[in-house]
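Visitor: Got a structure for you, questions after.
All of the numbers you see were taken from the coordinates with simple rules; none came from a lab. Here the structure is a predicted model, which means the values were calculated and not measured. Ideal geometry is used to build each Cβ from the backbone, glycine not excepted, and the neighbour counts take in all protein chains shown.
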Amino acid sequence: MTQNNQEIIRLAKILADPLRFQALNLIKKGRDEDCETPVNPEHPTSLCPTDLSHKMGIKKTKLDYHLKVMVDNHIISKYVHGIHTYYAPNLQGLKPLENWIVNFK
């Protein structure tokens, strides 16, 4: 099995978790009028875990684990501004999976 295939399988397994999949979709959509935390001026569409946990209806402590897995695997990026942490999609981290899907024949 090639290195690229192993990377695709690893990403697919991470995103197969329903909470991670839901969190990534919400992070991809970005901020909306329901977000209560201040906007990160450097990354205005990024989401804070507090807003994300409210949208998902789960405790922040449960969400933190899933966010860490996605950060550690370069699926999302983490930004700190003041006392808040924000998350945004990392499109480069998803590139192997995207390329595989686009070239699927």
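Visitor: Can you give me the number of residues within segment 41-89 that are more than 18 Å from Lys28 (Cβ to Cβ) and among the small types (Gly, Ala, Ser)?
Guide: Qualifying residue count for the region: 2.
Visitor: Let me ask something additional. Based on what the data block shows, is Leu97 among the aliphatic types (A, V, I, L, M), assigned to a helix (DSSP H, G or I), surrounded by 13 or more Cβ atoms within 10 Å (Cβ to Cβ) and within 10 Å of the chain's Cα centre (by Cα)? Steps first, please.
Guide: Working: among the aliphatic types (A, V, I, L, M): yes; assigned to a helix (DSSP H, G or I): yes; surrounded by 13 or more Cβ atoms within 10 Å (Cβ to Cβ): yes; within 10 Å of the chain's Cα centre (by Cα): no.
Criteria not met by Leu97.
Visitor: How many residues are over 13 Å from Tyr86 (Cβ atoms) and either surrounded by 16 or more Cβ atoms within 10 Å (Cβ to Cβ) or hydrophobic (A, V, I, L, M, F, W, C) (or both) when one looks only at segment 24-50?
Guide: Of the residues in segment 24-50, 1 are over 13 Å from Tyr86 (Cβ atoms) and either surrounded by 16 or more Cβ atoms within 10 Å (Cβ to Cβ) or hydrophobic (A, V, I, L, M, F, W, C) (or both).
Yes or no, residue by residue, for (1) assigned to a loop (DSSP other than H, G, I, E, B); (2) over 17 Å from Leu94 (Cβ atoms); (3) touching a residue at least 60 places away in the same chain (Cβ under 8 Å); (4) of a type outside the set (Asp, Glu):
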| position | (1), (2), (3), (4) |
| --- | --- |
| Ile8 | no, no, yes, yes |
| Leu11 | no, no, yes, yes |
| Ile14 | no, no, yes, yes |
| Gln22 | no, no, no, yes |
| Asn25 | no, no, no, yes |
| Glu33 | yes, yes, no, no |
| Asn40 | yes, yes, no, yes |
| His43 | yes, yes, no, yes |
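Visitor: So His84 passes all but one of these: (1) touching a Cys at 6+ places or on another chain (Cβ under 7 Å); (2) surrounded by 18 or more Cβ atoms within 10 Å (Cβ to Cβ). Which condition number does it fail?
Guide: (2)
Visitor: Out of the residues in segment 52-93 that are of a type in the set (Phe, Trp, Tyr) and in contact with a strand residue (DSSP E or B) (Cβ under 8 Å, 6 or more places away or on another chain), which is farthest from Asp17 (Cα to Cα)?
Guide: Checked segment 52-93; the qualifying residue farthest from Asp17 (Cα to Cα) is Tyr79.
Visitor: Please go through (1) surrounded by 15 or more Cβ atoms within 10 Å (Cβ to Cβ); (2) of a type outside the set (Asp, Glu); (3) part of a helix (DSSP H, G or I); (4) in contact (Cβ under 8 Å) with a residue 12 or more places away in the chain for Ser53 and return the number of the only condition it doesn't satisfy.
Guide: Tallying (1) surrounded by 15 or more Cβ atoms within 10 Å (Cβ to Cβ); (2) of a type outside the set (Asp, Glu); (3) part of a helix (DSSP H, G or I); (4) in contact (Cβ under 8 Å) with a residue 12 or more places away in the chain, Ser53 fails exactly one: (4).
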